[in-house]
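The values are calculated or read from the model by the stated rules, or taken from the named source; none is laboratory data. Every value quoted in this text rests on a predicted model; they were computed, and no experiment measured them. Here the Cβ is made from the backbone with ideal geometry for all residues, glycine too, and neighbour counts use every protein chain on show.
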Amino acid sequence: MSPLIGDLAPDFSLINQFGETVTLSQFRGSKPVVIVFYPLSFSGICTGELCELRDDISKFERAGVELLAISVDSKFVQKRFAEQESYNFSVLADFWPHGGVAEAYGVFMPENGFANRATFVVNKEGTIAAKFITAPGQARDVSDYDRALAAI
């Protein structure tokens, strides 16, 4: 089951494209976090969505928000994907246990082997302030991020 607004966000530690460990709770007390689950690196909709975020990164920077993108791909895939698309935010590998973080957030689809498109906005206190999840194959609306950022 997906955590509800007001719930403490499930903590995690994952490796980003630079080989660094990123732990959600490291931001607690200092800055809000937007967690963007996406199915697979290099796929059409996922690349398009993350490129929209890259192109509008100032929206997140002005809000003092840490942007974390997560898929089940390995850190090696994430490194190549982030380099190719010039992502300057952390692209995290939920590789092993396969989809474990996505499962903790209730968005892992075991029949497909990857996460659904889902976004969780975590406030400075570490609780979920907003979330939105789309149907498989459906892109998120960029305006949803504006509404979500207004919730923190």
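Here are the numbers:
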quantity	calculated
Candidate set: the range 1-20, residues that are small (Gly, Ala, Ser) and either touching a helix residue (DSSP H, G or I) at 6+ places or on another chain (Cβ under 7 Å) or modelled with pLDDT under 95 (or both); chosen: the one farthest from Tyr87 (Cα to Cα)	Ser2
Flag if Phe132 is aromatic (Phe, Trp, Tyr) and in contact with an Asp or Glu (Cβ under 8 Å, 6 or more places away or on another chain)	yes
Residues being under 17 Å from Ser13 (Cα atoms) and within 12 Å of the chain's Cα centre (by Cα) - total across the range 122-152	1
Count of residues meeting criterion [among the polar types (S, T, N, Q) and at positive phi] in the range 83-112	1
Residues of the range 17-64 that turn out to be among the acidic types (Asp, Glu) and farther than 25 Å from Gly137 by Cα, as a count	2
Candidates Ala118, Ala150, filtered to the one that is of a type in the set (A, V, I, L, M, F, W, C) and touching a residue at least 60 places away in the same chain (Cβ under 8 Å)	Ala118
Filtered residues of the range 109-121 (kept if of a type in the set (A, V, I, L, M, F, W, C) and closer than 14 Å to Pro10 by Cα)	Phe120, Val121
The range 4-31, residues that are within 18 Å of Thr119 (Cα to Cα) and free of Cβ contacts under 8 Å to residues at least 12 places away in the same chain	Ser13
Spans of strands (runs of 3 or more DSSP E) in the range 1-51 with at least 3 residues under 20 Å from Ala150 (Cβ atoms)	33-37
Filter result for Val101 (within 16 Å of Leu8 (Cα to Cα), buried (at least 19 other Cβ atoms within 10 Å of the Cβ), touching a helix residue (DSSP H, G or I) at 6+ places or on another chain (Cβ under 8 Å) and not hydroxyl-bearing (Ser, Thr, Tyr))	no
Matching option when the condition is surrounded by 14 or more Cβ atoms within 10 Å (Cβ to Cβ), in contact (Cβ under 8 Å) with a residue 40 or more places away in the chain and over 24 Å from Leu149 (Cα atoms), among Phe60, Phe81	Phe81
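Yes/no matrix, rows are residues, columns are (1) in contact with a helix residue (DSSP H, G or I) (Cβ under 7 Å, 6 or more places away or on another chain); (2) closer than 20 Å to Met1 by Cα:
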position: Lys79; (1), (2): no, no
position: Glu83; (1), (2): no, no
position: Tyr87; (1), (2): yes, no
position: Ser90; (1), (2): no, no
position: Pro97; (1), (2): no, yes
position: Gly106; (1), (2): no, yes
position: Met109; (1), (2): no, yes
position: Gly113; (1), (2): no, yes
position: Phe120; (1), (2): no, yes
